[in-house]
Amino acid sequence: MSTTASAPGKVYLFGEHAVVYGEPAVPCAIERRASVTVEARADDRLRVSADDLSLDGFTVEYSGSSDERPDVDVPTPLIEAAFGYVDAAVAQARDAADAPDAGFNVEIESDIPLGAGLGSSAAVAVAGIAAATAELGCDLDAREIAERAYQVEYDVQAGQASRADTFCSAMGGAVRVEGDECRTLDTPDLPFVVGYDGTSHDTGELVSGVRKLKDEYDFANDTVAAIGDLVRQGEDALTDGDLAELGRLMNFNHGLLAALGVSGRSLDNMVWAARDGGALGAKLTGAGGGGCIVALDSERGTKTALSLTPDCTRAFRAELAQDGVRVE
Ligand SMILES: Nc1ncnc2c1ncn2[C@@H]1O[C@H](COP(=O)(O)OP(=O)(O)OP(=O)(O)O)[C@@H](O)[C@H]1O
Ligand SMILES: C[C@@](O)(CCO)CC(=O)[O-]
Ligand SMILES: [Mg+2]
């Protein structure tokens, strides 16, 4: 027998990075999903196939319950970076089901680009925990899965993660996260357009960069606090369905993220292309450094402008995903 679960990626309307320091954020799930299939094994080993990984797709087999690492001809840090989230998700599932020696064959398929700000790590963690616990006959509700997936991000990102990505992926829709207070939001239709520069980043490293800046400069702390104020104002605009104001606040949020050092030339170029194309607003999404921007536009202008921008390798519309985690 095997069990498959899937979970969506996300874009941030507002609040990434600042949310790590207790400010509120509003991420929104999008119709791009990671799907994890697990099959319980008779032994305690893990066999992981992840064709979408940038290591060119390969399969490794190793024991998850000892110090043994995969026997492949690739530097260990790369393997650990690549499999950290899967490893930690399986550890959470073993703990939840009280089955420390459970072994699995794991297969991951995803249409969320990796390390590009669309929450691929959270979606893999959420879907992985859901599939592995269901396979062990232990049914967790979406909030329990979210909390365990947060522990995965927290562990892999060396203690520097918020609950935002994982709660959003587990629950679907738009959500509001502030510290450990997490709730779903009713929103108007949000016409998201995503531009992707084809590059990837490491979220843990970008979060560390912001933390260093905060340690060094008081005004970096002020910038984080300003993002929190902006999010609170954005909530009123969301309640009023005021898309023009949401767009203005997204532009403001991008500027504040750039001040924290997490934008980059290609992200800025895509943000300006989106604005020139008629977007109500545009900002980077997720950890930044490269990857994706998100814009708000119900017309065709933004997507067309992005597709004509040399820095943009892909532009697509991203529908809000109503479904969070799903055991298929
Ligand atoms: N399809 C996949 N197969 C296996 N592992 C994946 C897959 N997608 C993501 N991952 C894991 O997630 C990591 C990327 O996570 P990271 O947090 O750096 O970026 P992200 O979640 O895509 O972006 P952000 O955190 O900014 O939203 C990959 O290195 C890998 O460990
Ligand atoms: C940068 C960050 O705020 C969002 C990454 O998608 C990190 C986090 O919340 O864990
Ligand atoms: Mg991530």
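What the table shows:
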read-out	value
Flag if PHE192 is within 15 Å of ligand 1 (Cβ to nearest atom), out of contact with any Phe, Trp or Tyr (no Cβ under 6 Å at 6 or more places or on another chain), closer than 28 Å to GLY277 by Cβ and modelled with pLDDT of 95 or more	yes
Region 16-44 residues that are farther than 30 Å from ASN105 by Cβ, paired with ones that are crowded, with 22+ Cβ neighbours inside 10 Å and polar (S, T, N, Q) (beta carbon under 8 Å, 6 or more apart)	GLU16/THR285; VAL19/SER162; VAL20/SER162; ALA25/SER162
Within region 257-307, tally of residues that are small (Gly, Ala, Ser), within 17 Å of the chain's Cα centre (by Cα) and under 25 Å from ASP215 (Cα atoms)	6
Count of region 155-174 residues which are at pLDDT below 95 and either within 14 Å of ligand 3 (Cβ to nearest atom) or touching a Cys at 6+ places or on another chain (Cβ under 8 Å) (or both)	6
Total residues in region 84-130, condition within 16 Å of ligand 2 (Cβ to nearest atom) and either part of a loop (DSSP other than H, G, I, E, B) or closer than 18 Å to VAL156 by Cα (or both)	19
Residue count for region 131-147, restricted to those that are over 26 Å from LEU320 (Cβ atoms) and not in a helix (DSSP H, G or I)	4
HIS201, sole failed condition from (1) under 16 Å from the mean Cα position of the chain (by Cα); (2) surrounded by 19 or more Cβ atoms within 10 Å (Cβ to Cβ); (3) outside the structural domain of ASP297 (by TED's automatic domain parsing)	(3)
Failed criterion for ARG143 (all others in (1) modelled with pLDDT under 95; (2) assigned by TED's automatic domain parsing to the domain that holds HIS17 hold)	(1)
Test result for VAL124, crowded, with 20+ Cβ neighbours inside 10 Å, at pLDDT 95 or above and farther than 21 Å from PRO24 by Cα	yes
Test for TYR150: is it crowded, with 18+ Cβ neighbours inside 10 Å, modelled with pLDDT of 90 or more, assigned to a helix (DSSP H, G or I) and within 13 Å of ligand 1 (Cβ to nearest atom)	yes
Members of region 208-228 found to be small (Gly, Ala, Ser) and within 16 Å of ligand 3 (Cβ to nearest atom), listed by number	SER208, GLY209
Failed criterion for PRO310 (all others in (1) farther than 17 Å from ALA25 by Cβ; (2) within 16 Å of ligand 3 (Cβ to nearest atom) hold)	(2)
Some residue of region 108-115 being modelled with pLDDT of 95 or more, assigned by TED's automatic domain parsing to the domain that holds VAL175 and either away from ligand 1 (no atom under 16 Å from the Cβ) or more than 27 Å from VAL177 (Cα to Cα) (or both)	no
Where a residue in region 279-308 is free of Cβ contacts under 8 Å to residues at least 24 places away in the same chain and its partner, wherever it lies, is within 16 Å of ligand 2 (Cβ to nearest atom) and acidic (Asp, Glu), with Cβ under 8 Å and at least six apart	none
Residues (of a type in the set (S, T, N, Q) and buried (at least 20 other Cβ atoms within 10 Å of the Cβ)) located in region 269-308	THR285, THR302
Candidates GLU39, GLU23, GLU16, GLU31 - the one that is modelled with pLDDT of 95 or more, surrounded by fewer than 21 Cβ atoms within 10 Å (Cβ to Cβ) and closer than 30 Å to GLY255 by Cα	GLU31
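The values are calculated or read from the model by the stated rules, or taken from the named source; none is laboratory data. None of the values given here were measured: they were computed from a predicted structure. Counting neighbours? That spans all protein chains shown, and the Cβs are built from the backbone with ideal geometry, glycine included.
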